[in-house]
Amino acid sequence: MRNLEKGKEIHDLAVQQSIDSDILVTTPLMTMYAKCGDLEKAKNLFMELQGRDVVAWSAAIAVFAQFGYPGEALSTYAKENMVAKPSLSFSNPCRQVF
């Protein structure tokens, strides 16, 4: 639990510095909370995150899948496919080139 306390300190510092809504800060915090057993906090961070990118969506899906919530992972994946429109498709990368 010492790691969770350290993570909370980092999160508090991010809030004090007004960078807690930055996707580059929030995504690792979300993963940290999940790894430390606070999946609800990780989920809340993701839900509050504005401007979710593919990395944030992938982190959320991985968190749910790795920590025993496969239904939530699949649901999040389905939502990502409806919301996020990456500029480059992994299934057909040539489509963007030609």
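Can you sort Met30, Met47 by solvent-accessible area, 1.4 Å probe, largest first?
Met47, Met30
Using R₀ = 41 Å, calculate the FRET efficiency as 1/(1 + (r/R₀)^6) where r is the Cβ-Cβ separation of Asp22 and Phe67; round to 0.05.
The pair Asp22/Phe67 has a calculated efficiency of 0.95.
Please enumerate, by chain and number, the aspartates and glutamates with C-alpha under 16 Å from the C-alpha of Lys6, excluding those fewer than 8 residues away in the same chain.
Once the sequence-local aspartates and glutamates are set aside, what remains near Lys6 is Asp20, Asp38.
Using a 1.4 angstrom probe on the protein heavy atoms only, could you order Ser75, Ser21 from most to least accessible area?
Accessible-area ranking of Ser75, Ser21, largest first: Ser21, Ser75.
Please give the net charge around Asp22, taking every other residue with its beta carbon less than 14 angstrom from that of Asp22, where Lys and Arg add +1 and Asp and Glu add -1.
Combined, the nearby Lys, Arg, Asp and Glu give -2.
Could you give the length gained on full extension between Lys35 and Val54, defined as 0.36 nm per residue of separation minus the Cα-Cα distance, in nm?
Going from the current span to full extension adds 4.8 nm.
Determine the shape class of region 34-80: with a ≥ b ≥ c the square roots of the Cα gyration tensor eigenvalues, call it rounded for a/c under 1.5, and otherwise prolate if a/b is greater than b/c, oblate otherwise.
oblate
Given 0.36 nm per residue, what is the gain on full extension from Ile10 to Leu74 after removing their alpha carbon distance, in nm?
Contour length minus the Cα-Cα distance gives 20.1 nm.
Give the distance, in whole Å, between the Cα centre of region 6-20 and the Cα centre of region 55-78.
24
The values are calculated or read from the model by the stated rules, or taken from the named source; none is laboratory data. All values reported here derive from a predicted model rather than from experimental measurement. We place every Cβ from the backbone using ideal geometry, glycine too, and count neighbours over all the protein chains shown. With ligands, DNA and RNA removed, areas are computed over all heavy atoms of the protein, side chains included. Shrake-Rupley method; radii C 1.70, N 1.55, O 1.52, S 1.80 Å.
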